[in-house]
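Visitor: Following this message is one structure expressed as structure tokens.
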Amino acid sequence: MTLARLRSDVAARQPLDDRERSAIDQFVAALDVLDDPLDQEADPIHVTGSAIVIGPRGVLLLKHKRLGLWLQPGGHIDAGETPWAAALREAQEETGLDVRFAGPLDEDGVPELIHVDVHAGGRGHTHLDTRYLLDGGSADPTPPAGESQDVAWFEWDAAIAMADDGVKTILEHLKPAQP
């Protein structure tokens, strides 16, 4: 069910820009040929789960330890895990925050897929990244040892300015209207 649901959610996305339109096409094509797209060991092309974490303090970003880019929390999917569960787990692990899905869950307990991106993941991998909106509250992040210690809340404009290109569009789309 997870793969059918994932394919349906990705195919139904209304892209925010040309990059996401291309990502949707690549994502669906990959899902149609990969034997186990949720397993990072099965193929260098695989699905990942990411979290766009927002709260009263703005947007939470972290500086990726290897890539040196300001990104959203996220990562690989563990065995038996869904992409949305991976996004939630990765956000908790990487930030130390008690995060939760920001919007309602559907009748199957699945949150809305808010963005899709396909990008190089390092070590020759290609990530088919699914992104879900999470509420991070207003606490200070407390990343554990071993995770990037460069994790912080940023006002929307600052987050948009410093975020990697693959994240900017969704942040611009989510940014609250100015009064």
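Bear in mind that the values in this text are calculations on the coordinates, not laboratory data. Values in this document were obtained by computation on a predicted structure and should not be read as measured data. As a convention, Cβ positions derive from the backbone with ideal geometry for all residues, glycine included, and neighbour counts pool all protein chains shown.
Visitor: Give the relative contact order (percent, whole number) for the chain; include only Cα pairs under 8 Å separated by 6+ residues.
Guide: 26 percent
Visitor: Rounded to the nearest 10 degrees, what's the angle between the helix 2-12 long axis and the longest principal axis of the chain, both from Cα atoms, 0 to 90?
Guide: The answer is roughly 70 degrees.
Visitor: Tally Lys and Arg at +1 and Asp and Glu at -1 over the other residues with C-beta under 13 Å from the C-beta of Arg100: what net charge comes out? Can you show the working numbers first?
Guide: Values: positive: Arg89; negative: Asp98, Asp135.
Surrounding charge for Arg100 is -1.
Visitor: Looking only at GluC sites (Glu not before Pro) in DSSP loops with at most 12 other Cβ atoms within 10 Å, what is the longest site-free stretch of the chain? Could the numbers behind the result be given before it?
Guide: Numbers: sites that count: Glu41, Glu107, Glu155.
Longest gap between qualifying sites, sites excluded: 42-106.
Visitor: Using the alpha-carbon atoms, what tilt in degrees (0 to 90, nearest 10) does helix 18-33 show relative to the longest principal axis of the chain?
Guide: Taking Cα atoms only, the helix is inclined about 40 degrees.
Visitor: Evaluate E = 1/(1 + (r/R0)^6) for Asp78 and Leu174, where r is the Cβ-Cβ distance and R0 equals 22 Å; express this FRET efficiency to the nearest 0.05.
Guide: On the way: r = 27 Å, r/R0 = 1.22.
The formula returns an efficiency of 0.25 here.
Visitor: In degrees, nearest 10, range 0 to 90: what is the angle between the Cα axis of helix 83-95 and the longest Cα principal axis of the chain?
Guide: For 83-95 against the chain, the angle is about 30 degrees.
Visitor: Let me ask something else about it. Would you mind telling me which residue in His46, His125, His115 has the biggest mean-square fluctuation in a Gaussian network model of the chain, where springs connect alpha carbons within a distance under 10 angstrom?
Guide: Of the options given, His125 has the highest mean-square fluctuation.
Visitor: Please go through the range 32-93 and write out the trypsin sites (Lys or Arg not before Pro) that DSSP classes as loop and that have at most 10 other C-beta atoms within 10 Å.
Guide: Details: sites: Arg57, Lys63, Lys65, Arg66, Arg89; in loops: Arg57, Lys65, Arg66.
Sites meeting the loop and neighbour criteria: Arg66.
Visitor: What is the ratio of the Cα radius of gyration of the chain to 2.2 N^0.38 Å, with N the residue count, to two decimals? Write down the numbers at each step before the final one.
Guide: On the way: Rg = 15.3 Å, N = 179, 2.2 N^0.38 = 15.8 Å.
After normalising by residue count via 2.2 N^0.38 Å, the value is 0.97.
Visitor: Let me ask you something else. Using a 7 Å offset from the Cα along the Cα-to-Cβ direction at both Ala139 and Arg21, what is the distance between the two label points in nm, to one decimal?
Guide: Placing both labels 7 Å beyond Cα along the Cβ direction yields 4.2 nm.
Visitor: Quickly rank 132-144, 7-19 as a protection proxy: mean count of other C-beta atoms within 10 Å, highest first.
Guide: Details: 132-144: 17.2, 7-19: 14.1.
Ranked from most to least packed, the peptides come out as 132-144, 7-19.
Visitor: Above 12 Å lies some portion of the pair distances; for the range 64-118, what is it as a whole percent of all C-alpha pairs? It would help to have the intermediate numbers written out before the result.
Guide: On the way: 1065 of 1485 pairs.
For the range 64-118, the fraction of Cα-Cα distances above 12 Å is 72 percent.
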